[in-house]
Structures are given as C-alpha cells and as structure tokens.
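To start, the structure itself, in structure tokens.
Every read-out reported here was derived from the displayed coordinates using simple, explicitly stated rules and does not represent laboratory data. This one's a predicted model, so the numbers in the text were calculated from it and none came from an experiment. Note that we place each Cβ from the backbone using ideal geometry, even for glycine, and neighbour counts take in every protein chain shown.
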Amino acid sequence: MANSDNPRTGAEFEELVGAFFATQGLTLLPNVAVPVGTGKAKKDHKFDLGSESPPVLVECKCHTWTEGGNAPSAKLTVWNEAMLYFACAPLKYRKLLVVQRSLRGPETLAEHYLKRYRHLVPGGVELWEFDSVTRQGRLLYKSQEAEGGARAEEAKVMDPTPTDTAPTRCPELYQAATQQWAHAEQIRWTLLYNYLMASTILLLAWATVYAAHSAFRSRPWLLALLAAAGAIVSLAWVGLGLRASSFVDAYAQTGKALEGPLGANGPFARAQQHREGLKGWSACINSRRVVAGVPGLFSALYLVLCCLAVKWILGA
C-alpha cells in the first residue's frame, strides 16, 4: 500500500527503509504482490516492500504529527488499514509496519498509535520506527500469538539489530554524536563572534572616513564601498549561521535517537522538553535566531549607510 498522500516523500521513505534493512542482510523488493483475503476468496495486494526468501512483507508510512502538534487521525486509519491487510496475508510471511519516527514531547507518533490501537495489531506483526535523519530503525512492538491463538504479552521495546544503538550498549556512537553536537554549537557561536569583529572594523572604518577633517573627493565612494562590503559580509554570515544551526539540529536529533531506552530521561530529550516549555521572551529568542538575526540587522544598517553614500555621490 503506497503512501499515496505524498508519493514523492513516500517513495523516498521506502527507499531509505529498504536500504536500512539491506544493511541488516535483508534484501527487499518494491511492490510485492501476494494474495490476501479473509476466506477462500483471495485477491492480490501490493505491499510497499517484500521478499519471498525469506518471506517478508513491509508497509511503509512516513506520516508525522500535524503542524499544531496533534495526531493525524485520518492518516492513522491508514495504519489500521495496513494492519487489516497483514491480518489477511498468508501466515508464512513476517509482517512489518515501518513508520517515520516523529516526536512530540516525550512521545513518538508510533507510541501514540499503540496507546490507541494496540488492540488492532494482528498477531505476529512488528511495528518499527525509522529515523530518516540517522537512517536507523528500531523494533518498537511485536504482537505475538500464544498457544491456542491467545494474544501474548507485548514484546519489550528493543533496538533493531545486534549492533544496538542505545548509548548503554554502544557508548562510542553516542559519545561521538555528543562531541559533534558540542563542536557544532561552538562553531555556531564562533561564527557570530568573528562576524562581530569584522563588522566592528568595517563600522569603525566607515565612521573614520566620514569624520575625516579633510574632505577628499573620493570619500563618498569609499563610504559606499565600505557599506556595500558590510552588507555583503552580513548577508553571507546569515547563511553561514543558518547552515551552522542545521548541523547543531542534525547532531541533536542523532544524539536523541541514540539515547535509545533512556527515552524522555536522556539529556537531548530533556533539553527539547525544556525548550518546548519556555514561555515569553525565552521562547522567542533562541540561538538560531540570534546567530542569523544579528548579521541580518547589521545588513540593514549597512544598506542604509550605502544609500546615504550614494546620495552624497549623486548630490556631488
């Protein structure tokens, strides 16, 4: 069942999921058709990914929380539809529903789904979360059948592979992510410091030329040149600041994913919860806005100075 609500995003997500399982030794093909049905009548249905050897069926869903932070109820019914197809598929297949990891506070969308619809998950179906940023997946839940057809207890939350990414089991990866995050954060503020130094020199140069006692003929041109240079440098630093912030966010997401069983108690998760709980000016002013906003404000100042210099040139 394809992600028809957003084909491009859905197709890209399916490719990432397929590549992830390939690294685990499981080769999956797209659009695998198998006969499904509740009785004798059967009809072929195409699953997003699958394999005959070993027999595996995979459905991929890249849905996320809404922009307002609410659950996409209509899209969760699509997950239930996938569960129905799994229930009607031949028993020989291993069945996996792989969903995009989407976090709202301490809870992912998949965890929210299990709270509401755990009773609709057929026996033997596995619910996986896949993080498109870290390219890692984890087995969140597996519904098992006990003897006599009774539902067994939920499988414990676990990481997907023998090469577990939880920090308690793989501290090297978590430590590397933490160090890269701290390094990216340091670079972000170093960029702002370097910009302020360069901008201070340009402004002092502009003020010195403007206040010169001996008015030389090329002074307006020099003022315009200094102001234009300041505007160009400022706009360039806005881009550099946004780029540095993107690295900080990426490493933070990676670190959070690697926290594994720590869940909401991990430092990255705690930091995100703290940020989301801020109110007033503390919520409005963040590092990303400061690093990009300060050069942006200075660029406006330089444009004003450049316009004044051009006015003096034309007036001369």
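What length, rounded to one decimal in nm, is gained on full extension from H112 through to Y193, with 0.36 nm per residue of separation minus their alpha-carbon distance?
That works out to 24.9 nm of additional length.
Per the Debye formula with a single identical scatterer at each Cα and no solvent contribution, what log10 I(q)/I(0) holds for the stretch 1-125 at q = 0.14, 0.15, 0.16, 0.19 Å⁻¹?
Scattering profile of the stretch 1-125, log10 relative to I(0): -0.61, -0.71, -0.80, -1.11.
Which chymotrypsin sites (Phe, Trp or Tyr not before Pro) in the stretch 169-250 pass both tests, a DSSP loop state and at most 16 other beta-carbon atoms within 10 Å?
Here the sparse-neighbourhood loop sites are F216.
Rounded to whole Å and sorted largest first, what semi-axes of the equivalent ellipsoid does the C-alpha gyration tensor of the stretch 171-315 yield via the square root of 5 times each eigenvalue? Could you put the intermediate results ahead of the total?
Numbers: eigenvalues 385, 42, 20 Å².
The three semi-axes for the stretch 171-315 are 44, 15, 10 Å.
Output needed: percent of Cα pairs per 20 Å distance bin for the chain, bins running from 0 to the one holding the longest distance.
25, 41, 22, 10, 2, 0
Of K46/K95; K95/K256; K92/K142; K115/K142, which ones are farther than 18 Å apart at the Cα?
K95/K256
Relative contact order for the stretch 171-315: what percent, with Cα pairs under 8 Å and sequence separation of 6 or more? Could you put the intermediate results ahead of the total?
On the way: 120 pairs, mean separation 57.0, N = 145.
Value for the stretch 171-315: 39 percent.
At Q186 and I313, where each label point lies 7 Å from the Cα along Cα→Cβ, what is the point-to-point distance in nanometres?
Result for the modelled spin labels: 4.3 nm.
Between E67 and K92, what is the FRET efficiency for a Förster distance of 41 Å, r being their Cβ-Cβ separation, to the nearest 0.05?
Details: r = 41 Å, r/R0 = 1.01.
After rounding to 0.05, the efficiency reads 0.50.
Compute the angle between helix 7-23 and the longest alpha-carbon principal axis of the chain, please, reported from 0 to 90 degrees and rounded to the nearest 10.
70 degrees
By how many degrees, 0 to 90 and rounded to 10, does the Cα axis of helix 73-88 deviate from the longest principal axis of the chain?
For 73-88 against the chain, the angle is about 30 degrees.
By how many degrees, 0 to 90 and rounded to 10, does the Cα axis of helix 219-258 deviate from the longest principal axis of the chain?
Taking the Cα atoms of the chain, the angle to 219-258 is about 20 degrees.
Determine the percent antiparallel among the DSSP beta bridges restricted to the chain, to the nearest 5.
Details: 20 of 32 bridges.
Expressed as a percentage, antiparallel bridges in the chain total about 60.
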